[in-house]
1. Treating the angle as unsigned and between 0 and 90°, give the value, to the nearest 10°, between the Cα long axis of helix 340-351 and the longest Cα principal axis of the chain.
2. Set the Förster radius R0 to 35 Å, insert the Cβ-Cβ distance between residue 398 and residue 299 as r into 1/(1 + (r/R0)^6), and round the FRET efficiency to 0.05.
3. Relative to the compact-globule scaling 2.2 N^0.38 Å, provide the ratio for the alpha-carbon radius of gyration of the range 330-418.
4. Which GluC sites (Glu not before Pro) in the range 79-153 sit in a loop by DSSP (not H, G, I, E or B) and have at most 11 other Cβ atoms within 10 Å of their own Cβ?
5. What is the set of long-range amide H partners of residue 488 at a cut-off below 5 Å, with H atoms built 1.01 Å from backbone N?
6. Per the Cauchy relation, a quarter of the hull surface: what is the mean projected area of the convex hull of the alpha carbons in the range 288-446, in nm²?
7. Starting from the Cα-Cα distance between residue 194 and residue 247, subtract it from 0.36 nm times their residue separation and give me the gain in nm to one decimal.
8. DSSP loop (so not H, G, I, E, B), at most 14 other Cβ within 10 Å: list which GluC sites (Glu not before Pro) in the range 418-490 pass both filters.
Amino acid sequence: MSVKDRKWWRNGVVYQIYPRSFCDSNGDGIGDIPGIISKLDYLKELGVDIIWLSPVYASPNCDNGYDISDYRAIHPDFGTMDDMEMLIREAKTRDIRIIMDLVVNHTSDEHQWFKKAVEGDHKYKNYYIFKEGKNGKLPNNWGSFFGSDCWEKVPGEDNLYYLHLFDKKQPDLNWHNPEVYDEVCDILRFWLDKGIAGFRCDVINVLYKNSLEDGKKKIALTGLEYYHSTEGNHDILRRLREDVLSKYDCFTVGETVLVDTKMAMDLCGSDRKELDMVFGFEHMECDQIGIKWFKTKYRPKRLIKALDRWQHDMEWNANYFENHDQPRSVSRFGNDDEYHDISCKMLAGLLLSLRGTPYIYEGQEIGMTNGDFKDLSEMQDVESHTVDGTMKSLHFPDRLRDKLLKLTTRDNARTPMQWSGDVGAGFTKGTPWLKINANHAYINVEKQLKDDDSVLAFYKKMIAFRKDSETLQWGEYERLKSPENVYAFRRYTDDKNTVVICNMTAKKQPVWVQAVKTRENSELVLKFSNYLSDEDKASSDLFSFRPFEFCVFEEE
Ligand code: TEU
Ligand code: CA
């Protein structure tokens, strides 16, 4: 079941920039828009077609910009509106389009709307979700995504609270209110008229709350059943598309939390006319139980199972292994030690062979690893600090808290981009806002640009290979038989058959050619591999796949 319309963005290679950590042009230790402009040629050279720009709007930075206080202003840390318009222009001259982060489940509590609401302005009070506490308790028993409760008392009130599914400085908008809908339509038009090419839509499937009743008590996210992908939410997405988005040459990718493929198809199936694609989380939950802080051992077969399900069930995918919220993929699904480079390349090859739009997160292309934080004092992530408080209140032992936080802090993905091995990593001449990983001394762009066998060089070659491959871009998908920790699949069109094999482990794995082939008397001709020298594999019946080996064969 796959889509046929070859929209320009379907096979665009998307590169996510977390602006705060990408490139600091003025030495204040914070990445900025002029810094991004200075790296556009690097991105072009890599093969990037689209930039997903995480929030650069005015914000008090409680959640590093995912708490917006003015949707039409650029935070001075990042530059000016002129800088932003120059970025859009300069990117366009390089045939790179920009999508922005649309964060409209909530605003910052410092947004004018919320300030007026708490001052008692009736119109703006209806922009948010207020409710009286009951019998000295909170209005209901819901839990927030950040591991705390999700009601905060209104300043100056005895018993009035406002809802926040994230931090208390991120009050949820009331999407029952048509005026909120109209405001968001205007925000979309404002940015689309500036020439952006679409939006990454933040937690876009929790907008419409059906009720504020107590939820069925759960370990986390009690109350989810009242706001998760509700019919009201679908209606909003359909109308936003109909009223605004369909009038522009743009696309949307939804960050849709906690959806299975059925729910995902209900949000982005071509017949639904809501979102163009969605980020699923099932593969991001293969090494945890339910919520991210209940970590389990990573088992490749679980990752393969999740990826296979989404490749099989979805018309189209938004494929990613990293973003600004997730640990670095080489530290999580690869090996950031002995097999660092080869496992980065395997993950690159896998990402760029799957059916769907490929998303690469800043630094992934050079194999950046999780941060090297000493303890919570070196972390800035509001989620980590909130969760630490909750774990303390639950009497988690210090060592366990410390271990869990280092494994799960979103700051693992937010350490400054490693451009060089110099002090400041070529990211800044000043003091960086977040600790730079000490391994920038040997994992950096400058070094890898000079090395034709680097992770960066592999990403460039694999991106070019994918762009040249009809099957990897548009082919159908079918899983092939293989040992459980080897991911083998084929991508095929009417006349071409491309076989992809990934050893997801640090151990040698035997792969029986007969199990992988799809036709009698065919030959598997090796077209791409992450190992340089390659004995002629296809001549034998038994492949012996080396640690983290990745191969692409054409079946001829
Ligand atoms: O994240 C939504 C979300 O579910 C987060 O809880 C995320 O899955 C979790 O932090 C993973 O550890 C989006 C943004 O990506 C995130 O940066 C924001 O903090 C959040 O929404 C609120 O806007
Ligand atoms: Ca700066």
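Derivation of every value follows stated rules applied to the coordinates shown; laboratory data play no part. Every value quoted in this text rests on a predicted model; they were computed, and no experiment measured them. When we count neighbours, we look across all protein chains shown, and the Cβ atoms used for this are built from the backbone with ideal geometry, even at glycine.
1. Taking Cα atoms only, the helix is inclined about 80 degrees.
2. Working: r = 28 Å, r/R0 = 0.80.
E between residue 398 and residue 299, to the nearest 0.05, is 0.80.
3. On the way: Rg = 15.5 Å, N = 89, 2.2 N^0.38 = 12.1 Å.
That works out to 1.28 for the range 330-418.
4. Listed in order of number, the matching sites are 119.
5. Here 480, 502 satisfy the definition.
6. Here the figure is 10.3 nm², rounded to one decimal.
7. Values: separation 53, 0.36 × 53 = 19.08 nm, distance 1.40 nm.
Using 0.36 nm per residue and subtracting the Cα-Cα distance, I get 17.7 nm.
8. Passing both the DSSP loop test and the Cβ count: 484.
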